[in-house]
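Before any comments, here is the structure.
The values are calculated or read from the model by the stated rules, or taken from the named source; none is laboratory data. From a predicted model like this one, the values you see are computed outputs, not experimental measurements. Glycine also receives a Cβ, built like all others from the backbone with ideal geometry; neighbour counts cover every protein chain displayed. Areas reflect the complete protein model, heavy atoms only, side chains present, ligands, DNA and RNA absent. Shrake-Rupley method; radii C 1.70, N 1.55, O 1.52, S 1.80 Å.
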Amino acid sequence: MYELYQQRLFAANAMDFDDLIGNAVKLFERDPVIRERYQTKFRHILVDEYQDTNHAQYRLLQLLADGHRNLCAVGDSDQAIYAWRGPTAKT
């Protein structure tokens, strides 16, 4: 079923939420010019609900915030609702 889902996404020239994050990470890691362009667009980054951040989201934040190093994250480990999804961020 998953393979069919992926084929249909590709045929529709579409991405799901995980693809949006994963492909952005791949693009930023592969192309420093594009990465720097987005780093300058996002001079300050605020992340809410940081306790539910997974590794891919954390990596995207690293790549975006690396330019100005102006990252503010707020979260509450008592409100972590996605333990089943494997968040790795520590509060």
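Just a few scattered comments:
- Identity of the residue in the stretch 56-71, of a type outside the set (D, E, K, R) and open to solvent by 70 Å² or more (accessible area, probe 1.4 Å), that ends up nearest to LEU20 (Cα to Cα): TYR58
- Filtered residue count, the stretch 1-14, keeping only those that are under 24 Å from THR53 (Cα atoms) and at pLDDT 95 or above: 1
- Residues that are open to solvent by 50 Å² or more (accessible area, probe 1.4 Å) and under 13 Å from the mean Cα position of the chain (by Cα) within the stretch 17-45 comprise PHE17, ASP18, LEU20, ASN23, LYS26, LEU27, GLU29, listed in sequence order.
- Members of the stretch 4-16 that are under 21 Å from ALA56 (Cβ atoms) and open to solvent by 90 Å² or more (accessible area, probe 1.4 Å): TYR5, PHE10, MET15
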